[in-house]
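For reference, the structure discussed in these notes is given below.
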Amino acid sequence: MKKTIIIYWIFTGLLAALMVLGAIPDIMSVPDAVALFNHLGYPAYLLPFIGFAKLLGVIALLIPGYPRIKEWAYAGFVIDLTGAMYSSISVGDPASGWMLFFIGYLLIACSYVYYHRKLKIH
């Protein structure tokens, strides 16, 4: 029981850190984030929206309760990551840059699985 909760919080903490580290530059529209969006062919005005969505998803994962909202947060993270990976592949970025996507998917999957295991305990 305690092991499941510890593993859940490790993966969820790492996932939250990854998403917050991606959300802050988006919200602030830092030049590197704007350049990346331009490279992918997206308008810069979309950056703060995606950043705030990531931040809200992190908040949803970290606050207790609200299981349906947590499910939506996990879904949103998968959609965000899949869209980013698809966009990266579409513009011809090298496969060497895909590792971050796979790490993100791994963190989402492990956090999600252990979230449901944690629910079964309580």
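Nothing in this text is a laboratory measurement; each read-out follows from the coordinates by a stated rule. Note that the coordinates shown come from a computational prediction; the quantities given were computed from them, not determined experimentally. Here the Cβ positions follow ideal geometry from the backbone for every residue, glycine too, while neighbour counts run over all protein chains shown.
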First check a/c for region 24-94, with a ≥ b ≥ c the square roots of the eigenvalues of its C-alpha gyration tensor; if it is under 1.5, answer rounded, and if not, answer prolate when a/b is larger than b/c or oblate otherwise. oblate
Per residue of the chain, what 222 nm ellipticity follows from adding -39500 (n - 2.57) for every DSSP H run with n ≥ 4, rounded to the nearest 500? -28500 deg cm²/dmol
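Sort 26-32, 84-90, 104-110, 1-7 by the packing proxy (mean of other Cβ within 10 Å over each peptide's residues), most packed first. Intermediate results must be reported in sequence, preceding the final value.
On the way: 26-32: 13.6, 84-90: 15.1, 104-110: 17.9, 1-7: 11.7.
Put in order of decreasing packing, that is 104-110, 84-90, 26-32, 1-7.
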What is the helix-to-structure angle for 46-62, meaning the angle in degrees between its Cα long axis and the longest Cα principal axis of the chain, kept from 0 to 90 and rounded to the nearest 10? 10
Which of the three applies to the chain, rounded, prolate or oblate, going by the alpha-carbon gyration tensor with a ≥ b ≥ c and a/c under 1.5 meaning rounded? prolate
Could you go through region 7-21 in sequence order and give the Karplus-derived ³J(HN,Hα) for each residue, using 6.51 cos²θ - 1.76 cosθ + 1.60 with θ = phi - 60°, rounded to whole Hz, and x for Gly and Pro? 4, 4, 5, 5, 5, 5, x, 5, 5, 4, 4, 4, 6, 5, 5
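Just to confirm a number: summing +1 for Lys and Arg and -1 for Asp and Glu over residues other than ALA84 whose beta-carbon lies under 15 angstrom from that of ALA84, what do you get?
Numbers: positive: LYS54; negative: ASP26, ASP32, ASP80, ASP93.
With Lys, Arg at +1 and Asp, Glu at -1, the net is -3.
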Taking θ as phi - 60°, what are the ³J(HN,Hα) couplings along region 105-112 by the Karplus curve (6.51, -1.76, 1.60), each to the nearest whole Hz, with x for Gly and Pro? 4, 4, 5, 4, 4, 5, 4, 5
Which of VAL91, LEU81, LEU15, positive extreme of dipole for the chain (C-beta unit charges): LEU15
